[in-house]
Amino acid sequence: MDLTSWVILPFLLGSVGIYGLLKLLQRLRSSAYIQDAVVVITGATSGLGKECAKVFYEAGAQVVLCGRNEEGLKDVIKQLCLIRGGAMKFHKPHMVIFDLSDVEAVASAAREILHLVGKVDILINNAGVSYRGAIVDTKLSVDRTIMDTNYFGPVALTKALLPSMIQKKGGHIVVISSVQGKISIPFRSAYSASKHATQAFFDCLRAEMVPHDIAVTVISPGYIQTNLSLNAVTEDGSRYGGRHVFINKPASLGRL
Ligand SMILES: NC(=O)C1=CN([C@@H]2O[C@H](COP(=O)(O)OP(=O)(O)OC[C@H]3O[C@@H](n4cnc5c(N)ncnc54)[C@H](OP(=O)(O)O)[C@@H]3O)[C@@H](O)[C@H]2O)C=CC1
Ligand SMILES: CCCCCCCCCCCCCCCC(=O)OCC(=O)COP(=O)(O)O
């Protein structure tokens with residue numbers, strides 16, 4: 001036998017084997033982390049929230065779906081119950097109905113969540129609303145509406161659930177911000193301001209939660225085609241009702 005058969009071949013096969021084993025362990029560890037975990041998702045009736053609900057349900061999490069539209073939530077739950085395959089064991093999804101812009105409703109929703117499932121492992125602050133308008137024409141009440149939903153809502157829900165997470169010494173808090181939480185663009189002042197505030201608050205929280213083993217993640221997506229533009233609030237508080245036209249030129253700000 002030559003050098004290839006005695007040294008290189010066993011080395012290559014061994015490396016592939018070890019790599020495969022590590023990958024398998026990694027997969028088992030991450031699915032074990034999600035299996036049975038309590039995952040609370042706001043804005044679960046549509047877009048990113050609905051997709052998160054599917055992914056976590058499919059991985060065996062106990063999902064608590066939050067929203068203000070009962071029929072919408074029931075519809076998502078029906079869709080989840082049709083999912084086959086994935087987790088070793090599926091948990092019946094829960095729903096909690098409240099308007100995120102009403103801080104008192106948020107506090108009682110947090111109590112309801114803890115009563116239903118006893119703890120929260122992962123909180124996904126996803127719900128949000130868009131805004132379109134010129135600053136000069138926009139009523140202050142509109143700025144407040146956007147801040148109430150996109151900033152005070154997630155802040156209030158997080159604060160209400162935080163003591164229970166600190167007590168159990170662990171968990172993960174996620175918030176869906178936006179590229180607009182880092183860069184401001186014209187005619188989106190209230191939205192961008194709400195996302196900048198969100199970024200700042202959750203950055204502070206991340207640092208404060210280090211001793212409690214609670215991870216805090218701010219996610220900043222770019223454009224995704226969902227119902228967000230459709231439901232954007234305009235200068236006078238009315239619904240925008242249109243969709244974005246994506247102009248396929250890299251240099252243009254086609255969605256402005
Ligand atoms: N789509 C995009 O391009 C991007 C989105 N994002 C962020 O992602 C998150 C999800 O948005 P996306 O999925 O796109 O949008 P959707 O409009 O599809 O979903 C928004 C969700 O938030 C809920 N929601 C809105 N206001 C309230 C409220 N006051 N109380 C309770 N629930 C409420 C909606 O409920 P209902 O069905 O009752 O309206 C809906 O379930 C938002 O925070 C958004 O800012 C960030 C960057 C890009
Ligand atoms: C060298 C300098 C380059 C500077 C480039 C600036 C580019 C700015 C890009 C801004 C991208 C914003 C992505 C926003 C993602 C987001 O939150 O999308 C949702 C909305 O904005 C709300 O939807 P609507 O359709 O109502 O705007």
message: I'm checking my understanding of the structure. Among residues of segment 19-47 that are among the hydrophobic types (A, V, I, L, M, F, W, C) and at pLDDT 80 or above, which one is surrounded by the fewest Cβ atoms within 10 Å (Cβ to Cβ)?
response: ILE34
message: Considering only residues that are within 16 Å of ligand 2 (Cβ to nearest atom), surrounded by 13 or more Cβ atoms within 10 Å (Cβ to Cβ) and of a type outside the set (Phe, Trp, Tyr), which ones fall in segment 122-141?
response: ASN125, ASN126, ALA127, GLY128, VAL129, SER130, ARG132, GLY133, THR138
message: So if I check each of LYS195, LYS169, which one is surrounded by 23 or more Cβ atoms within 10 Å (Cβ to Cβ) and in contact with a helix residue (DSSP H, G or I) (Cβ under 8 Å, 6 or more places away or on another chain)?
response: LYS195
task: Take SER101 and decide whether it is touching a Gly at 6+ places or on another chain (Cβ under 9 Å) and not aromatic (Phe, Trp, Tyr).
output: yes
query: Can you tell which of VAL216, VAL175 is touching a Phe, Trp or Tyr at 6+ places or on another chain (Cβ under 6 Å) and either acidic (Asp, Glu) or away from ligand 1 (no atom under 14 Å from the Cβ) (or both)?
result: VAL216
message: Need the failing condition index for ALA109 against (1) surrounded by fewer than 17 Cβ atoms within 10 Å (Cβ to Cβ); (2) of a type outside the set (Asp, Glu); (3) within 15 Å of ligand 1 (Cβ to nearest atom), just the number.
response: (1)
message: If I ask for residues that are of a type in the set (S, T, N, Q) and either under 22 Å from the mean Cα position of the chain (by Cα) or at pLDDT below 95 (or both), which ones from segment 130-147 would you list?
response: SER130, THR145
query: Restricting attention to segment 142-166, and to residues there that are charged (D, E, K, R) and within 15 Å of SER192 (Cα to Cα), which single residue is surrounded by the fewest Cβ atoms within 10 Å (Cβ to Cβ)?
result: ARG144
- prompt: So which pairs qualify, if the first residue must be in segment 44-73 and closer than 23 Å to ARG243 by Cβ, the second must be among the aliphatic types (A, V, I, L, M) and within 16 Å of ligand 2 (Cβ to nearest atom), the Cβ gap must be under 8 Å, and the two must be at least 6 apart or on different chains?
  reply: GLY47/ILE224; GLY47/LEU228; LEU48/ILE176; LEU48/ILE224; GLY49/ALA127; GLY67/ALA127
message: Against the definition (of a type in the set (Val, Ile, Thr) and within 13 Å of ligand 2 (Cβ to nearest atom)), how does ILE183 come out, yes or no?
response: yes
- request: Test GLU112 against the stated conditions and say whether it is without any contact (Cβ under 8 Å) to a residue 24 or more places away in the chain and among the charged types (D, E, K, R).
  value: yes
task: Would you tally the residues in segment 221-236 being within 8 Å of ligand 2 (Cβ to nearest atom) and among the β-branched types (Val, Ile, Thr)?
output: 1
Selection within segment 225-236 - near ligand 1 (Cβ under 7 Å from one of its atoms) and under 21 Å from ALA197 (Cβ atoms): LEU228, ASN231
Checking GLU112 against (1) under 20 Å from LEU48 (Cβ atoms); (2) touching a strand residue (DSSP E or B) at 6+ places or on another chain (Cβ under 9 Å), the condition it does not meet: (1)
query: Within segment 198-216, which residues are in contact with a helix residue (DSSP H, G or I) (Cβ under 7 Å, 6 or more places away or on another chain) and either under 30 Å from GLY237 (Cα atoms) or among the acidic types (Asp, Glu) (or both)?
result: THR198, GLN199, PHE201
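The values are calculated or read from the model by the stated rules, or taken from the named source; none is laboratory data. Quick caveat: nothing in here was measured; it's all calculated off a predicted structure. Reconstructed Cβ throughout: ideal geometry from the backbone, glycine too, with neighbour counts over all protein chains shown.
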